[in-house]
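Below is one structure, written out as structure tokens; comments come after it.
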Amino acid sequence: MAWSKCAFEIGKTSDDDSMATSLTNIGKIKDKSSTLEPSDGDSLEMKATGGETVAKEAQEGGFKAVTRVIEPTDELLTLLGLGEAATDGDFKVKTHLVDGDWSLKITPKNVGAKGIKAPKTNITYKPGWSEEDGNYADLEFEFLKGEADYWYSRFVKTAATAGS
């Protein structure tokens, strides 16, 4: 089963919209905060006089991964291009907008479980704080269909080999 302790890794999408070759772990994920969420697409419908439906077509919806990072690091914020470390030890946040396209890999903890690789996503970064959760960042990865001509692939986690 693909539950508990899934790892989220990101990297800049390649120029040809293929999966990034270098991926970085985004950090500690809050327990039970990660989901894959589909959304309905538009529905086209034609009605004849009297309100009778004569044709109907559903359009492709969306798909996104959502997770909460516990105490996001300056390294993550730097990777996402949100600011820079200052000489006084502070981190100067300049924006919450993540630029560009990003690859996402979600790897389950359990061998044999299915993970997801999305070569092209758009990241939304939402920082927050609460007494219960401390500092956190909610990340949303909206799957995009690029030149690779697919949204995502599913893979099976294999057993680690010696040296890996």
Filter result (open to solvent by 20 Å² or more (accessible area, probe 1.4 Å), out of contact with any Gly (no Cβ under 9 Å at 6 or more places or on another chain) and of a type outside the set (D, E)) within segment 89-115:
G89, H96, K109, N110, V111, G112, K114
Could you look through segment 1-42, keep only residues that are hydrophobic (A, V, I, L, M, F, W, C) and part of a strand (DSSP E or B), and pick out the one that is most open to solvent (accessible area, probe 1.4 Å)?
L36
Got a sec? Which of G89, G112 is closer than 17 Å to A7 by Cβ and in a loop (DSSP other than H, G, I, E, B)?
G112
Taking segment 54-69 as the search range and keeping residues that are open to solvent by 70 Å² or more (accessible area, probe 1.4 Å) and touching a strand residue (DSSP E or B) at 6+ places or on another chain (Cβ under 6 Å), which one is farthest from S4 (Cα to Cα)?
V54
Assess whether G11 counts as being under 24 Å from V156 (Cβ atoms), touching a Leu at 6+ places or on another chain (Cβ under 9 Å) and either at pLDDT below 95 or of a type in the set (G, A, S) (or both).
yes
Which members of segment 78-88 meet the condition of being of a type in the set (G, A, S), surrounded by 11 or more Cβ atoms within 10 Å (Cβ to Cβ) and either more than 24 Å from K105 (Cα to Cα) or touching a strand residue (DSSP E or B) at 6+ places or on another chain (Cβ under 6 Å) (or both)?
G83, A85
Unique residue being modelled with pLDDT of 95 or more, open to solvent by 80 Å² or more (accessible area, probe 1.4 Å), over 27 Å from D40 (Cα atoms) and not in a strand (DSSP E or B) when the list is E132, E75:
E75
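The values are calculated or read from the model by the stated rules, or taken from the named source; none is laboratory data. Predicted model only: the values in this text are computed from it and were never measured. A quick note on method: Cβ atoms are made from the backbone with ideal geometry, for glycine too, and the neighbour counts reach across all protein chains shown. For the accessible areas, the whole protein counts, side chains as well, though only heavy atoms, and no ligand, DNA or RNA atoms are used. Shrake-Rupley method; radii C 1.70, N 1.55, O 1.52, S 1.80 Å.
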